[in-house]
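Visitor: If you scroll down you'll find the structure; I have some questions about it.
What follows draws every value from the coordinates through simple rules; no lab data is involved. For clarity, every value in this text was computed on a predicted model and none was experimentally measured. FYI the Cβ positions are ideal-geometry reconstructions off the backbone, even for glycines, and counts take in every protein chain you see.
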Amino acid sequence: MEFPLRVSETKVSTIYSGDSAWKTLNYRISELQGNAQKIFILVDDNTDQFCLPVFLSEVNTQHNPEILRISPGELSKNAEVAVALWNELTTREAGRDSVLINLGGGVVSDLGGFVASTYKRGIPFINIPTTLMAMADASVGGKTAINLQSIKNTVGTFCLPEATYLFPVFLTTLDNANLLSGLAEIFKIALVADHSFWKYLKTLTPGRLLKTSFQAKEWEEIISKSAGIKCNIVEEDFAEKNERAKLNFGHTLGHAIESLSFQANHEPISHGMAVSIGILCEAFLSRRYSGLKEEDFKQITGLFLSTFGYYPLTETDIPEILSFVFQDKKKSKGELNFTLLEHPGKALINQSCDTTSIREALESYRLLDPNF
Ligand SMILES: NC(=O)c1ccc[n+]([C@@H]2O[C@H](COP(=O)([O-])OP(=O)(O)OC[C@H]3O[C@@H](n4cnc5c(N)ncnc54)[C@H](O)[C@@H]3O)[C@@H](O)[C@H]2O)c1
């Protein structure tokens with residue numbers, strides 16, 4: 001099926017999707033080459049193998065673009081790798097007018113965006129997301145970051161990509177675990193901001209969706225819808241002074257669980273899996289603090305467990321998660337602020353929760369029946 005070019009333009013984003021987005025990208029690349037601007041492409045080992053050949057077959061690069069490679073995964077999102085990339089750009093004589101193309105998932109766009117936004121006080125970058133997580137969420141909105149001392153996104157910038165190009169065809173080589181990881185952020189975006197999108201997502205059986213061709217309209221629609229909702233929120237509040245914090249639903253506890261999973265004796269989990277656990281714990285807090293109905297809580301729990309599965313937590317994990325939570329950036333004036341749900345489609349920011357309730361929320365997840 002052919003999709004026409006779709007351009008979604010807000011103050012904070014230009015997103016191209018549809019088949020002719022390749023043409024638009026080609027036009028931009030020839031413009032850069034015409035101006036003799038250097039083009040760098042950041043890939044990880046997987047996107048080097050699976051996505052770069054597709055990119056190079058679609059895009060007419062007269063001069064070979066320079067490829068920057070990193071190891072795949074969250075552990076590359078750190079200061080050492082950022083320094084290595086700044087050094088690499090310097091060695092290869094990248095100038096202020098050079099452009100960095102981030103071809104990869106959220107790790108590549110967060111790290112590449114951070115490196116580009118700081119190198120020589122900022123060079124332009126373009127995001128070409130290759131995971132569902134990055135297409136539907138991470139590649140738009142202009143947050144860039146690296147982790148520090150295992151704490152997520154401690155150092156970063158707010159800096160917009162020049163544009164984002166969405167090509168769901170890249171998802172063909174992505175495994176199910178990473179597809180599900182992206183789906184968790186899509187569910188979150190619907191839960192905090194769009195009731196009808198949430199109702200629509202509930203009708204999709206993930207098993208069927210994951211078997212649906214990535215050329216199919218459903219994927220295009222889900223991805224564009226999710227990225228579009230996020231951009232509308234970001235447009236209201238780019239620097240996350242208020243409204244944008246809605247998008248943090250599930251992330252205060254999710255980030256802490258993700259950080260724990262990277263410690264010795266734990267099994268690293270994907271960002272989306274961690275967020276899905278965070279959402280269930282924060283839905284528990286939403287029942288207590290922000291009026292989420294029991295019926296909605298049960299529906300969210302059932303859908304999340306059947307879609308994302310259950311991640312076993314031990315009793316000793318709980319204090320460790322709490323210690324990560326207290327180092328999180330959402331701690332202000334000694335209180336822990338959460339984004340919670342009033343109902344699916346509406347989130348309330350700055351909901352202060354006490355430590356006992358947070359512990360109980362984690363305990364309630366730990367004791368859940370995986371076959372809920
Ligand atoms: N900046 C934001 O607004 C924002 C929003 C959400 C998430 N994030 C960040 O995004 C990161 C998670 O992103 P992610 O889930 O994309 O992780 P990721 O970038 O690590 O990608 C997941 C895995 O998929 C591989 N991969 C990527 N594209 C592929 C393809 N087409 N085929 C086969 N393999 C492929 C990668 O090499 C990696 O192993 C986290 O660091 C999270 O904090 C940022």
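Visitor: Quick one: would you say SER259 is surrounded by fewer than 21 Cβ atoms within 10 Å (Cβ to Cβ) and either part of a helix (DSSP H, G or I) or more than 16 Å from the chain's Cα centre (by Cα) (or both)?
Guide: no
Visitor: Give just the number: which of (1) among the β-branched types (Val, Ile, Thr); (2) in contact (Cβ under 8 Å) with a residue 12 or more places away in the chain; (3) out of contact with any strand residue (DSSP E or B) (no Cβ under 9 Å at 6 or more places or on another chain) does THR91 not satisfy?
Guide: Status for THR91: all satisfied but (2).
Rundown of residues vs (1) polar (S, T, N, Q); (2) farther than 21 Å from THR154 by Cβ; (3) within 15 Å of the ligand (Cβ to nearest atom), yes/no style:
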| site | (1), (2), (3) |
| --- | --- |
| GLN37 | yes, yes, no |
| VAL43 | no, yes, yes |
| GLU58 | no, yes, yes |
| ILE70 | no, no, yes |
| GLY73 | no, no, yes |
| SER76 | yes, no, yes |
| VAL81 | no, no, yes |
| THR90 | yes, yes, no |
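Visitor: Right, here's the next one. Quick one: in region 339-353, of everything that is of a type outside the set (A, V, I, L, M, F, W, C) and touching a Leu at 6+ places or on another chain (Cβ under 8 Å), which residue is surrounded by the fewest Cβ atoms within 10 Å (Cβ to Cβ)?
Guide: Looking at the filtered set, the residue picked out is SER352.
Visitor: Under 6 Å between Cβ atoms, which residue pairs at least 6 apart in sequence (or on different chains) link something in region 60-86 that is closer than 29 Å to GLU258 by Cβ with a partner that is hydroxyl-bearing (Ser, Thr, Tyr)?
Guide: Every condition considered, the pairs that remain are ILE70/SER76; TRP86/TYR119.
Visitor: Identify, by number, the condition in (1) surrounded by 14 or more Cβ atoms within 10 Å (Cβ to Cβ); (2) not in a helix (DSSP H, G or I) that GLU363 doesn't meet.
Guide: For GLU363, the exception is condition (2).
Yes or no, residue by residue, for (1) under 14 Å from the mean Cα position of the chain (by Cα); (2) surrounded by fewer than 20 Cβ atoms within 10 Å (Cβ to Cβ); (3) not aliphatic (A, V, I, L, M):
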| site | (1), (2), (3) |
| --- | --- |
| GLN149 | no, yes, yes |
| LYS152 | yes, no, yes |
| PHE158 | no, yes, yes |
| PRO161 | no, no, yes |
| SER181 | yes, no, yes |
| ALA184 | yes, no, no |
| TYR200 | no, yes, yes |
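Visitor: Looking only at region 265-303, which residues are surrounded by 15 or more Cβ atoms within 10 Å (Cβ to Cβ), in contact with a strand residue (DSSP E or B) (Cβ under 9 Å, 6 or more places away or on another chain) and not in a helix (DSSP H, G or I)?
Guide: Hits for region 265-303 are SER290, LEU292.
Visitor: Out of all the residues in region 213-244, which are more than 14 Å from the ligand (Cβ to nearest atom), of a type in the set (Ser, Thr, Tyr) and surrounded by 14 or more Cβ atoms within 10 Å (Cβ to Cβ)?
Guide: Of everything in region 213-244, just one residue is more than 14 Å from the ligand (Cβ to nearest atom), of a type in the set (Ser, Thr, Tyr) and surrounded by 14 or more Cβ atoms within 10 Å (Cβ to Cβ), namely SER224.
Visitor: Now for a separate question. Please find, within region 11-21, the residue that is farthest from the chain's Cα centre (by Cα) out of those that are of a type outside the set (Val, Ile, Thr), within 24 Å of CYS159 (Cα to Cα) and surrounded by 18 or more Cβ atoms within 10 Å (Cβ to Cβ).
Guide: ALA21
Visitor: Among GLY122, GLY113, which is the only one that is within 14 Å of GLU162 (Cα to Cα), more than 10 Å from the ligand (Cβ to nearest atom) and small (Gly, Ala, Ser)?
Guide: Every option except GLY122 fails the conditions.
Visitor: In region 16-38, what residues are assigned to a strand (DSSP E or B) and in contact with a Leu (Cβ under 6 Å, 6 or more places away or on another chain)?
Guide: SER17
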